[in-house]
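Student: Let me give you the structure first, and then I'll get to my questions.
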Amino acid sequence: MAGWINYYGRFRPWELNPFLMRINAYLVRWIRQKYKRLAAERKAIAKMQEIARRYPRMFAHWRCTVASVMT
């Protein structure tokens with residue numbers, strides 16, 4: 001995924017951010033389904049923000065979108 005981000009980020013960076021934010025939405029949905037105690041969307045987003053702060057390089061796309069994950 002990192003290579004794909006580097007390639008398309010060089011030629012069409014304005015189109016890359018909405019796609020990467022959609023990946024974050026899929027991650028939130030996965031968290032909500034896997035952990036029933038995080039079924040509320042606000043709790044799942046808070047958990048993902050905590051993980052992003054603790055491990056900012058866990059996913060390749062977080063280096064581009066980590067600022068919006070943390071807010």
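The values are calculated or read from the model by the stated rules, or taken from the named source; none is laboratory data. The shown structure was predicted, so the numbers you read here are calculated from the model rather than taken from an experiment. Note that each Cβ is placed from the backbone with ideal geometry, even for glycine, and that neighbours are counted across all protein chains shown.
Conditions tested, residue by residue: (1) exposed (fewer than 15 other Cβ atoms within 10 Å of the Cβ); (2) under 16 Å from Trp62 (Cβ atoms); (3) among the small types (Gly, Ala, Ser); (4) more than 16 Å from the chain's Cα centre (by Cα).
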| residue | (1), (2), (3), (4) |
| --- | --- |
| Asn6 | yes, yes, no, yes |
| Phe11 | yes, no, no, yes |
| Ala25 | yes, yes, yes, no |
| Val28 | no, yes, no, no |
| Arg32 | no, no, no, no |
| Arg42 | yes, no, no, no |
| Ile45 | no, yes, no, no |
| Glu50 | yes, yes, no, no |
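Student: Something else now. Here is a check on your reading of the model: is Ala60 surrounded by 15 or more Cβ atoms within 10 Å (Cβ to Cβ) and not in a helix (DSSP H, G or I)?
Tutor: Yes, satisfied.
Student: Search segment 15-31 for residues that are closer than 14 Å to Ala52 by Cα and part of a helix (DSSP H, G or I) and pair each with any residue that is β-branched (Val, Ile, Thr) and modelled with pLDDT of 90 or more when their beta-carbon atoms are under 8 Å apart and the residues are at least 6 apart or on different chains.
Tutor: Close Cβ pairs (under 8 Å, with a partner that is β-branched (Val, Ile, Thr) and modelled with pLDDT of 90 or more) amount to Val28/Ile45.
Student: If you don't mind, there's one more thing I want to ask. Working only within segment 13-23, note down all residues that are farther than 30 Å from Ala40 by Cα and either among the hydroxyl-bearing types (Ser, Thr, Tyr) or surrounded by 11 or more Cβ atoms within 10 Å (Cβ to Cβ) (or both).
Tutor: Selection gives Pro13 alone.
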